[in-house]
Amino acid sequence: MRVAIRSLLIWLYVGASVLVFLPGTTLLVLLSVIDRDRWLSLHWTALFSRLNFRINPMWRLEVRGKERLGDKSKRRGPYVIVSNHQSLGDILVVSFLPLRYRYVAKQELFSVPGFGWQLWMAGHLGVRRGDKESAARLFARSKRVLSRGVSILYFAEGTRSTTLEVGPFKSGAFQLAVASGVAVLPVVVAGTSTALPKHSWRFTERSFCFLEILDPVDPAGHTVEALRDTVRAAIA
């Protein structure tokens, strides 16, 4: 009962924060006419994600490996960022990456009131699972985003893991990296699976989460399959 009440209070806070951010969100939608790259919107939604993580009394976060990106004023990129996927909380955790990026999400999430609007507004990329035409549009759009110096983030398992094991990786991110000649940046998310398990709305226990940035992997000389396996092994 205590877990249910605590979880309900946290979700009420999240709902309230959506309402607080709504006027700013509406303004940014109007400004999108001139902010075509949606930088303002991207920063606004990142602020929203970070605030919700920081306020949640159940979660603590440590970010490791920023030094692998180089000096802040001379940060390299763009990257095809590849992460494992444990929980919906991963979306909040990756917002702490010190990079400009857009992530790939299943198209259905864009229809979720509030959250889906923010995904669209920030320019994140949707794809319909099992739809080859949707995958082709995603590939073309991702290449355009990379050409503007903005990274693309994939949760390469394609779905949240129900265990602590890293599942098989899909090839889309690695096809993009090889075709674009853009380095893959592996990142590891841990601790969120116990905080908000898959298929559950309860924040089950206090969780220490971390986000670790690993060394970039140059796709040169790799086949798609070899690159995928190398990156998965590093994350696992």
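In segment 180-192, which residue that is open to solvent by 10 Å² or more (accessible area, probe 1.4 Å) and under 14 Å from the mean Cα position of the chain (by Cα) is farthest from Arg54 (Cα to Cα)?
In this case the residue turns out to be Val188.
One line per residue, one yes/no per condition, for (1) within 29 Å of Phe48 (Cβ to Cβ); (2) open to solvent by 50 Å² or more (accessible area, probe 1.4 Å); (3) at pLDDT 95 or above:
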site	(1), (2), (3)
Leu125	yes, no, no
Thr194	yes, yes, no
Arg202	yes, yes, no
Arg206	yes, yes, no
Ile213	yes, no, yes
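When segment 152-177 is examined, which residues are found to be among the aliphatic types (A, V, I, L, M) and buried (at least 22 other Cβ atoms within 10 Å of the Cβ)?
Ile152, Leu153, Ala156, Ala173, Leu176, Ala177 - these are the residues of segment 152-177 that are among the aliphatic types (A, V, I, L, M) and buried (at least 22 other Cβ atoms within 10 Å of the Cβ).
Taking only segment 134-192 into account, find how many residues are part of a strand (DSSP E or B) and either free of Cβ contacts under 8 Å to residues at least 24 places away in the same chain or among the small types (Gly, Ala, Ser) (or both).
2
Any residue at all in segment 102-113 that's part of a loop (DSSP other than H, G, I, E, B), surrounded by 17 or more Cβ atoms within 10 Å (Cβ to Cβ), touching a residue at least 24 places away in the same chain (Cβ under 8 Å) and basic (Lys, Arg)?
For segment 102-113, residues part of a loop (DSSP other than H, G, I, E, B), surrounded by 17 or more Cβ atoms within 10 Å (Cβ to Cβ), touching a residue at least 24 places away in the same chain (Cβ under 8 Å) and basic (Lys, Arg): absent.
Using the structure shown, decide if Gly149 is open to solvent by 20 Å² or more (accessible area, probe 1.4 Å) and farther than 16 Å from Arg100 by Cβ.
In short, no.
Restricting to segment 80-90, name every residue that is modelled with pLDDT under 85 and open to solvent by less than 20 Å² (accessible area, probe 1.4 Å).
Matches in segment 80-90: Gln86, Ser87, Gly89, Asp90.
The values are calculated or read from the model by the stated rules, or taken from the named source; none is laboratory data. In this text, all values refer to a predicted model and were calculated from it rather than measured experimentally. Every residue, glycine as well, gets a Cβ built from its backbone with ideal geometry; the counts of neighbours run over all protein chains shown. Note: accessible area is taken over every heavy atom of the protein model, side chains too, but ligands, DNA and RNA are not part of it. Shrake-Rupley method; radii C 1.70, N 1.55, O 1.52, S 1.80 Å.
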